[in-house]
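Throughout, read-outs are computed from the coordinates displayed, never taken from laboratory work. Computed from a predicted structure; not experimentally measured. Cβ placement follows ideal geometry from the backbone for every residue including glycine, while neighbour counts extend to all protein chains displayed.
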Amino acid sequence: MNVAQGRIMKALSGFYYVSGQTGTVQCRARGKFKHEGQTPLVGDMAEYTDLGGGQGVVDSLLPRKNSFSRPPVANLDMLVIVASRAIPVTDEFLVDKMTAIAAHNGVEPVVVVNKTDLVIGETMSAAYRKAGFRALAVSAVTGEGMDALRELLAGRVCAFTGNSGVGKSSILNALEPGFNIETADVSYKLGRGRHTTRHVELFETSFGAVIADTPGFASFDTESAELTRASDLQYAFPDFAPYIDSCAFTGCSHTRERGCAVLKALEEGKIVPFRHRSYVRLYEKLRENKDWELKTKKGQTAR
């Protein structure tokens, strides 16, 4: 029996599939995890005992730099938010909510606008580049933008998310044909796709990225965003950064105050209007949170 370290690549039916120096080992977790209220997550770096024959036991987890409860994944470097201007058309608010969740958890958000073979996506991607994000317009069908996306993802642990039907799995298959991830046609009657990804799994790529395929937007629970105070939301909007210290009054909410530098920048066209609308919607929601609720949710997430 050997003790080794590796990354949990998949969790399924009580087994954890750990990628280590000798390959992938199917592991159970020691009982202490249940007693301590801790659950290993896909993406965790773990110490495990290799029992031989491809079997092992997860002994302990190395410290995480971030984690999410839905989907259950840890240690992300980058969150790739896939959107579409073709059917199904992605609501910018969903993208803005995800960029805020990513920023709050120390994950770099990247916006990828797919289906440029059907509808030009450069307008949307340009708006997010103006807001301070890395953003690409791509087509999983024609291959447009795929080389640039590979270069962006290389060396990172990434999760893909996006509303069903925008082509997450198709992009993954285009990036790395060996994935062979199941895809489903878009239902034009409903305007959305039939979801095909049933669990979180990490895939190692030939171009040096480790990529997680996750279910659609609904799986990235807004709980992660609700762990911050409304007053901290401004820091999750990089397009506000040049202006937030120039407001006339301390504690400006950047929603309606006189002398607000953010609102002035909005009027001058320096901030994209839909970004500010999304900020106001998120701010009003977060303002409902009480300090004791934030502390409770933080405690629940830490387990």
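Output the Kirkwood hydrodynamic radius of segment 1-155, Cα pairs only, in Å rounded to one decimal.
Result for segment 1-155, one decimal place: 17.6 Å.
Taking a threshold of 28 Å on the Cα-Cα distance, which of the pairs Lys10/Lys285; Lys97/Lys168; Lys97/Lys130; Lys97/Lys270; Lys65/Lys270; Lys168/Lys270 fall above it? Could the numbers behind the result be given before it?
Working: Lys10/Lys285 34 Å; Lys97/Lys168 18 Å; Lys97/Lys130 17 Å; Lys97/Lys270 20 Å; Lys65/Lys270 33 Å; Lys168/Lys270 31 Å.
Checking Cα-Cα distances, Lys10/Lys285; Lys65/Lys270; Lys168/Lys270 exceed 28 Å.
List the pair-distance distribution P(r) of segment 129-182, using every Cα-Cα distance, as the percent of pairs falling in each 5 Å bin from 0 up to the bin containing the longest distance, rounded to whole percents.
4, 17, 27, 30, 16, 4, 1
Can you work out the FRET efficiency for the pair Glu151 and Ile120, with r the C-beta to C-beta distance and R0 = 22 Å, to the nearest 0.05? Show your work: numbers first, answer last.
On the way: r = 22 Å, r/R0 = 1.01.
It comes out at approximately 0.50.
Sort 267-274, 159-166 by packing, meaning the average of other beta carbons within 10 Å per residue, with the highest value first.
Ranking, from highest mean packing down: 159-166, 267-274.
Taking R0 as 30 Å, what FRET efficiency do you get between Val3 and Tyr235 from their Cβ-Cβ distance, rounded to the nearest 0.05? It would help to have the intermediate numbers written out before the result.
Working: r = 41 Å, r/R0 = 1.36.
Once rounded, the FRET efficiency stands at 0.15.
Between Phe274 and Arg256, what length comes free when the chain is fully extended (0.36 nm per residue of separation minus the Cα-Cα distance, one decimal in nm)?
Gain on extension, Phe274 to Arg256, equals 4.9 nm.
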